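Only the coordinates and a few stated rules stand behind these numbers; no lab work does. Just so we're clear, the structure is a prediction, and the values are computed from it rather than from any experiment. Heads up, the Cβs are rebuilt from the backbone with ideal geometry, glycines too, and the neighbour counts pull from every protein chain shown.
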Amino acid sequence: MKPIIGMVSDELVEVNPRMPDDHLVYAPHDIKEAVYKVGGIPLILPFADDPSDADAVAEQMVDRFDALIVPGGPDVDPLLYGEEPIPAMGIAMHQQDVLEIAMIKATLKANKPILGICRGIQLINVALGGTLWQDLNTQPSGATIQHTQVTLGHYLTHHVTMTPNSRLQQLLGDTQVVNSRHHQAVHTVAPSLKVTATAPDGIIEGLESTDNDRIVCVQWHPENLWFKHPVHLSVFQDLIARIHD
Ligand code: MN
């Protein structure tokens, strides 16, 4: 049996003038392809406009999948980590955050593994009690390199250094050049997570759980890289490898 990989969908906010309420529900093509490539079956769950049932939905859904991917997407609602939005905040989708945080907690409770990508590293950190830089370039984040790359999204643009003895180091070696399409990043790290990759300016690019192998997160987009740079498929292979019977 192939493992089933759960993922909460995103929703298009741009309005179709002929159908203004018809916001398309979608998931990233390159993640679904990565899941199939490593032998899994993707299962995409749309969030409801009313998130009041999110905990119950997540509790029931977690029995239907073997591992969770938390993909890229909108900014995380800063109210969820105790901050008001600064002027440079982007679009957030509170109801998506609520269901996805419920899914993260239900997945951990069920002792199933999680891979976080871009928004995923940020949301997982918030779900477990950490905070974010709402905008790297207008807050004193220390960012000195371009994290919102202007060139094509699958091009390699900045280095990351992996922490010795981390899972990311085992998968990717001491350093890699990665793509970078984020204006937010992890600020304070949640107590149950540790930093396992950083950019040259110190911005956090990788997190893992401290006490087990349940959580691996990257700030870059490996799903857009593995077609040309096969080493980046390893985080998806690793998610499958972390599924326990
Ligand atoms: Mn970056």
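Which residue out of 226, 220 is in contact (Cβ under 8 Å) with a residue 12 or more places away in the chain and in contact with a strand residue (DSSP E or B) (Cβ under 7 Å, 6 or more places away or on another chain)? Give the steps one after another, and end with the answer.
Working: 226 fails: in contact with a strand residue (DSSP E or B) (Cβ under 7 Å, 6 or more places away or on another chain).
From the options 226, 220, the qualifying one is 220.
For the subset of the range 173-218 comprising residues that are touching a Pro at 6+ places or on another chain (Cβ under 9 Å) and farther than 20 Å from residue 129 by Cα, which member is farthest from the ligand (Cβ to nearest atom)?
174
Do you know which of the residues in the range 95-146 that are of a type in the set (Lys, Arg) and in contact with a helix residue (DSSP H, G or I) (Cβ under 8 Å, 6 or more places away or on another chain) is nearest to residue 184 (Cα to Cα)?
Step one: filter the range 95-146 for residues of a type in the set (Lys, Arg), giving 105, 109, 112, 119.
Going one step further and asking which of them are in contact with a helix residue (DSSP H, G or I) (Cβ under 8 Å, 6 or more places away or on another chain), we end up with 105, 109, 112.
Values: 105: 22, 109: 27, 112: 27 Å.
So the residue we want is 105.
Given the range 134-210, what strands (runs of 3 or more DSSP E) lie entirely inside it while holding 1 or more residues that are farther than 21 Å from residue 238 by Cβ? Full working, then the answer.
Details: elements: 158-162, 175-178, 193-198, 204-209.
Answer list for the range 134-210: 158-162.
Mind listing whichever residues of the range 10-69 are in contact with a Gly (Cβ under 8 Å, 6 or more places away or on another chain) and surrounded by fewer than 13 Cβ atoms within 10 Å (Cβ to Cβ)?
If the condition is that a residue be in contact with a Gly (Cβ under 8 Å, 6 or more places away or on another chain) and surrounded by fewer than 13 Cβ atoms within 10 Å (Cβ to Cβ), then 64 is the only one that fits.
With the condition kept exactly as written, say whether any residue in the range 156-165 is within 16 Å of the ligand (Cβ to nearest atom), surrounded by fewer than 17 Cβ atoms within 10 Å (Cβ to Cβ) and not β-branched (Val, Ile, Thr).
The answer is yes; a qualifying residue exists.
Name the residues in the range 219-242 that are more than 16 Å from the ligand (Cβ to nearest atom), over 11 Å from residue 171 (Cβ atoms) and in a helix (DSSP H, G or I), would you?
230, 240
Which of (1) charged (D, E, K, R); (2) surrounded by 16 or more Cβ atoms within 10 Å (Cβ to Cβ); (3) over 19 Å from the mean Cα position of the chain (by Cα) is the odd one out, the single condition residue 223 does not satisfy?
(3)
Scanning for something within 18 Å of residue 74 (Cβ to Cβ), part of a helix (DSSP H, G or I) and free of Cβ contacts under 8 Å to residues at least 40 places away in the same chain, does the range 103-122 turn up at least one residue? Let's see the steps before the verdict.
Step one: filter the range 103-122 for residues within 18 Å of residue 74 (Cβ to Cβ), giving 103-104, 116-122.
Narrowing further to those that are part of a helix (DSSP H, G or I): 103-104, 119-122.
Subset that is free of Cβ contacts under 8 Å to residues at least 40 places away in the same chain: 104.
Checked against the condition, which is being within 18 Å of residue 74 (Cβ to Cβ), part of a helix (DSSP H, G or I) and free of Cβ contacts under 8 Å to residues at least 40 places away in the same chain, the range 103-122 yields at least one hit.
Could you tell me which numbered condition residue 146 fails, if it satisfies all but one of (1) within 11 Å of the ligand (Cβ to nearest atom); (2) surrounded by 17 or more Cβ atoms within 10 Å (Cβ to Cβ)?
That leaves (2) as the condition not met.
Condition first: crowded, with 18+ Cβ neighbours inside 10 Å and either charged (D, E, K, R) or assigned to a loop (DSSP other than H, G, I, E, B) (or both). Now tell me which residues in the range 75-87 satisfy that. Don't jump to the end; show me each part of the working.
First, the residues of the range 75-87 that are crowded, with 18+ Cβ neighbours inside 10 Å: 75-78, 81.
The answer is 75, 76, 77.
How about the range 1-49: which of its residues are in contact with a Ser or Thr (Cβ under 7 Å, 6 or more places away or on another chain) and not in a loop (DSSP other than H, G, I, E, B)?
25, 26, 44, 45
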